[in-house]
Structures are given as C-alpha cells and as structure tokens.
Amino acid sequence: MKRVALLGATGSIGRQAIEIVEAHPELELCAATSGSTPLDDVDAAFTQVGGDVEEILERAQPDIVLNAIVGFAGIHATLWALERGVDLALANKESLVAAGELALAAQRRGGGRILPVDSEHSALYQCLEGRAPEQVETLVLTGSGGPFRGRTRDELTTVTPDEALAHPTWRMGPKITVDSATLANKGLELIEAHFLFGVPYARIEVVLQPTSVVHSLVRFRDGAALAHLGHPDMRVPISFALTYPERAATPLAPLDLASLTLVFEAPDTETFPLLALAREAGERGGTYPCVFNAANEAAVAAFLDGRLPFLEIAAVVADALARADGAPARDLDELMEVDRAARAIPVA
Ligand SMILES: NC(=O)c1ccc[n+]([C@@H]2O[C@H](COP(=O)([O-])OP(=O)(O)OC[C@H]3O[C@@H](n4cnc5c(N)ncnc54)[C@H](OP(=O)(O)O)[C@@H]3O)[C@@H](O)[C@H]2O)c1
C-alpha cells in the first residue's frame with residue numbers, strides 16, 4: 001500500500017488524482033488539502049482547508065506527496081518532501097522554478113525522488129530513463145501554442161480572460177491556462193526541465209505541436225530522437241508518478257495512430273515574449289527565475305480580474321526582472337522576500 005498526500009485536491013490535477021487513487025487498490029489517500037474549498041466529499045484520513053501544509057504532512061507521514069497546489073504557495077510542500085526524502089510527485093512547477101537551487105539542496109540532503117507530473121517532464125523522464133547523460137544531445141519540450149497561436153500582437157490587444165481560458169487541447173485550472181496562452185507556461189517548464197534533469201538551457205529546445213499528442217522528445221548524440229506520444233490527458237502522467245515504477249493501467253483508449261497527422265512549428269517569441277524572458281531569467285540564474293514566476297503570478301491574477309490587458313502580462317514580468325538584482329537566496333526566508341517584492345510591482 002502506498003500512502004498518498006494530495007495537496008490541492010480540489011483543483012484540476014487534484015480531482016484527476018483522486019480518480020487515479022480510487023481506481024488503484026494499492027494507493028490510499030492519507031491526506032488531502034485545499035486552499036479554501038471545503039473537502040467534505042473527499043475521503044482521506046486527514047483533510048485540511050488552508051493553513052500550514054507541513055502540519056498535515058507531519059501528521060499523515062505519507063509515502064508520496066502529490067503537490068498539485070497552484071503557484072508559489074506550493075513551495076512548502078515541495079521543500080518538506082525533498083528535505084525528508086519522501087517521494088515528490090510534482091505538478092506544482094512554480095515551486096521548482098522559484099526555489100530551484102534550494103530545492104535541489106534539500107533533495108541532496110533528504111535523498112528523495114522527484115517524479116514529474118507535468119506531462120512534458122513525465123515524457124522526458126520516461127525517454128531519459130536508463131540513459132547516460134553523455135548520450136543526450138538536447139531535450140525538446142513540446143507545447144500546443146495555446147488558443148492564440150498564429151495571432152499577431154495587434155490581434156491580442158483586446159483579448160479577454162474568457163478567450164484566454166479557451167485552451168484548444170487541455171482542460172486545466174485558470175492560472176496555467178492563461179500561462180499557456182502567453183507561453184509563460186513553456187517558459188516555466190523550460191526552467192523546470194533544467195532543474196529536474198540538470199541540462200543547460202542551451203540544450204533545451206521548445207517546439208510547438210498543436211494537437212498535444214507528442215508530449216516531448218529527447219535527441220541523442222547518435223541522431224536518434226525518442227518521443228513520448230499520448231492523449232492530452234493528465235491522468236496518464238499522474239498515474240505514472242503515483243504508481244511508479246509499476247506503470248499501472250488507466251481507462252484510456254489507445255491512440256488511433258492512423259488518424260494522426262503530426263505537425264511541428266517554431267514558437268513565435270516576438271508575439272509571446274514570456275518564453276524568451278523565462279529563458280533569459282533561467283540563464284541569469286540566482287533569484288531571477290523566482291522574480292519571473294512571482295511577477296507572472298501577480299500579472300495573471302490581474303489579467304483574470306480584468307485589471308490588466310493580456311499583452312501587459314509580459315511587460316509586467318519584464319519590468320520586474322529589470323528591477324531585480326537576482327542575488328541568490330541563502331534560505332527560504334530570503335526567497336520569500338524576493339517573491340514578495342516581485343509581486344509588489346503595481347499592475348493596475
Ligand atoms: N491542470 C493541469 O492539467 C496541469 C498540467 C500540468 C501542470 N499543472 C500544474 O499543477 C498545479 C495545479 O494546477 P491546476 O490546474 O490543478 O490548478 P487549480 O485547478 O487552480 O487548482 C489549484 C489547487 O491548489 C489549491 N490552492 C490554491 N491556492 C492555494 C494556497 N495558497 N494554499 C494551498 N492550496 C492552494 C486550490 O484550492 P482551492 O480549491 O481551495 O482554491 C486547488 O486545490 C499548477 O502548478 C500547474 O501549473 C497543471
């Protein structure tokens with residue numbers, strides 16, 4: 001029996017994770033949390049709405065933590081699991097982006113494993129499994145391009161939150177859906193991939209594959225490229241992480257290969273500058289990735305509230321990065337201060 005602590009149980013990933021846990025007798029929900037939504041319908045030994053997640057984790061003592069909280073708020077759960085050597089199924093990419101070096105140091109001390117839940121990183125993890133690092137040429141992250149792929153900047157000046165929330169291939173929570181529309185999500189994933197797999201940014205590519213069937217690829221030094229294909233359905237990477245290394249069955253139909261046409265294209269980084277800004281923040285290192293994430297969270301919240309135009313999201317992030325000194329954080333308190341300061345930039 002594997003005891004799962006599910007943080008963010010009321011969200012898009014959280015709900016799908018409950019489905020996976022319920023379908024597998026070897027998984028047991030020992031803890032479930034939300035930010036503010038009641039958890040009355042969730043069957044878990046311990047539940048907690050809001051508050052300090054470390055309290056429920058200490059009480060529940062899980063075998064694996066599925067961190068499906070959205071945003072920087074997920075940082076405490078990520079560090080708790082890594083520090084204790086408890087397996088971390090990581091959906092909350094923002095914590096690894098913001099706290100990369102601190103998280104890896106906690107992992108070195110605790111000795112735990114990170115099992116990526118982001119579909120692209122789950123794909124990369126599977127393509128890389130068992131290969132020596134020197135065989136790997138580049139990682140290729142794929143993205144759908146979001147609902148505004150192919151549009152010009154002029155066409156994006158008046159887009160509304162409802163239009164940004166209409167993602168063509170994935171059904172997700174609002175924050176990540178807007179991040180997909182701006183390509184900030186691919187930027188966060190670029191930094192996430194760097195920390196997860198220890199590959200320099202220069203060797204991580206991004207390509208668009210609009211139907212989200214190819215979840216990512218690894219190019220090897222012999223010229224071979226291994227790709228991971230599947231339906232755009234998060235139950236697969238959630239199940240992979242929670243049942244690792246068993247690869248338990250899911251109820252999904254096999255891909256109908258004869259009906260597939262795979263088209264790839266380069267991302268338009270001029271219309272969608274957040275991808276290039278993320279790469280720059282990642283390459284500069286220190287707390288620049290934390291600043292990128294915090295300013296983006298604040299700007300996306302303002303856009304969803306109708307306080308900021310879509311195109312201004314990137315401008316807010318660029319401004320925050322220009323103001324930051326990027327000095328590395330020595331501990332979580334320093335990092336939280338950097339996060340707080342980067343959010344304080346006026347967006348209205
Ligand atoms: N959805 C996807 O398909 C997908 C794919 C890849 C990666 N991810 C990543 O997975 C994470 C979750 O995404 P999502 O789409 O599932 O988000 P979501 O639907 O918005 O759900 C977020 C969850 O986090 C909880 N939460 C929000 N603020 C919190 C706080 N301050 N403290 C504690 N809990 C808080 C929410 O609780 P309440 O209900 O009470 O607000 C909810 O349970 C994100 O990091 C996202 O980037 C998601």
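The table that follows gives values for the structure above.
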read-out: Over the chain, equivalent-ellipsoid semi-axes from the Cα gyration tensor in Å; value: 28, 25, 21
read-out: Convex hull per residue volume in Å³, alpha carbons only, for the stretch 111-254; value: 134 Å³
read-out: Note, ³J(HN,Hα) from phi for the stretch 190-203, Karplus 6.51, -1.76, 1.60, rounded to Hz, x at Gly and Pro; value: 4, 5, 4, 5, 4, 6, 5, 10, x, 9, x, 4, 4, 10
read-out: Centroid-to-centroid separation of the stretch 193-261 and the stretch 11-63 [C-alpha atoms, Å]; value: 26 Å
read-out: Karplus 3J(HN,Hα) series, Hz, for the stretch 253-270 with 6.51 cos²θ - 1.76 cosθ + 1.60 (x for Gly, Pro); value: 6, x, 4, 8, 5, 5, 8, 8, 10, 9, 10, 10, 8, 6, x, 8, 7, 7
read-out: Förster-model FRET efficiency, 25 Å R0, R203 and A105, C-beta, rounded to 0.05; value: 0.65
read-out: Carbon + sulfur, % of accessible area of the chain - ligands and nucleic acids excluded, 1.4 Å; value: 52 percent
read-out: Using a Förster distance of 25 Å, the FRET efficiency for F264-R323 (Cβ separation, nearest 0.05); value: 0.10
read-out: Dipole magnitude (debye, nearest 20) for the chain, charges at Cβ of Lys, Arg, Asp, Glu; value: 460 debye
read-out: Cα pair distances in the stretch 216-333, grouped into 5 Å bins until the bin that holds the longest one, percent each; value: 2, 9, 12, 12, 12, 14, 16, 14, 7, 2, 0
read-out: Cut-off 13 Å between beta-carbons: net charge of the residues surrounding E54, Lys and Arg +1, Asp and Glu -1; value: -2
read-out: Highest-first arrangement of 329-342, 154-167, 88-101, 251-264, where packing means the average Cβ count within 10 Å; value: 88-101, 329-342, 154-167, 251-264
read-out: Karplus 3J(HN,Hα) series, Hz, for the stretch 284-293 with 6.51 cos²θ - 1.76 cosθ + 1.60 (x for Gly, Pro); value: 6, x, x, 9, 4, x, 5, 5, 3, 5
read-out: The stretch 18-76 - accessible surface per residue (Å², probe 1.4 Å); value: 46 Å²
read-out: Scattering profile of the stretch 195-257 at q = 0.20, 0.22 Å⁻¹ [log10 I(q)/I(0), Debye over alpha-carbon scatterers]; value: -1.04, -1.14
read-out: Estimated distance in nm for a label pair at A253 and A224, the labels positioned 7 Å out from Cα along Cα-to-Cβ; value: 3.2 nm
read-out: DSSP-defined antiparallel bridges as percent of all bridges, the chain, nearest 5; value: 30 percent
read-out: Under 13 Å from the Cα of K93 - aspartates and glutamates, other chains or at least 8 residues apart; value: D118, E120, D179, E189, E192, E297
read-out: Principal axis dimensions, largest first and in whole angstrom, of the stretch 1-60 by Cα; value: 30, 24, 17
read-out: Per residue value of the accessible surface for the stretch 196-348 (all protein chains in place, 1.4 Å probe), Å²; value: 48 Å²
read-out: Rg(Cα) / (2.2 N^0.38 Å) computed for the stretch 266-348, rounded to two decimals; value: 1.07
read-out: Interchain or long-range residues, amide H under 5 Å from R113's placed H; value: D87, L88
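The values are calculated or read from the model by the stated rules, or taken from the named source; none is laboratory data. All values derive from a computational prediction rather than experimental measurement. Every residue, glycine as well, gets a Cβ built from its backbone with ideal geometry; the counts of neighbours run over all protein chains shown. SASA here: full protein model, heavy atoms, side chains in, ligands and nucleic acids out. Shrake-Rupley method; radii C 1.70, N 1.55, O 1.52, S 1.80 Å.
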